[in-house]
């Protein structure tokens, strides 16, 4: 049976440091000018009288969530190097649980494996 797992970001914790982008490029030897992960900045804009800005990581189609690391029992490089622990790799059950909490989670990437996941 296929196992689905994905990468979630807790938007409340992401500070837009771009460590995930840099780590991904180094870990996967991503060519110059390409990115497998991109941190999008939304804002700054005034919303309800307050200045707001958010950062959300998005993965490209090339992203494998560092399958080579997962197969060794390790987290993807972007997850293990995130200084605020905003990124989280989890299976489908955990994704559904987290998305129904009061935290502000965004799904960055979902992969399906034919063997076991993380």
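The values are calculated or read from the model by the stated rules, or taken from the named source; none is laboratory data. Predicted, not measured: the structure shown is a model, and the values here were computed from it. Positions of Cβ are generated from backbone atoms using ideal geometry, with glycine treated the same way; all protein chains shown enter the neighbour counts.
The table for this structure:
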quantity	calculated
Residue match in the range 57-70 (condition: within 21 Å of residue 12 (Cβ to Cβ) and over 11 Å from the mean Cα position of the chain (by Cα))	no
Qualifying residue in the range 62-85 (condition: modelled with pLDDT under 95, part of a strand (DSSP E or B) and surrounded by fewer than 18 Cβ atoms within 10 Å (Cβ to Cβ))	no
Hits in the range 14-41 - residues which are assigned to a loop (DSSP other than H, G, I, E, B) and either surrounded by fewer than 17 Cβ atoms within 10 Å (Cβ to Cβ) or in contact with a helix residue (DSSP H, G or I) (Cβ under 8 Å, 6 or more places away or on another chain) (or both)	15, 16, 17, 18, 29, 30, 31, 32, 33, 34, 35, 36
First in the range 93-118 and exposed (fewer than 15 other Cβ atoms within 10 Å of the Cβ), second anywhere and at pLDDT 85 or above, Cβ under 6 Å, 6 or more apart	99/105; 103/10; 104/11; 104/12; 107/6; 107/8; 110/6
Any hit, the range 42-51, residues being assigned to a loop (DSSP other than H, G, I, E, B), at negative phi, modelled with pLDDT of 95 or more and exposed (fewer than 11 other Cβ atoms within 10 Å of the Cβ)	no
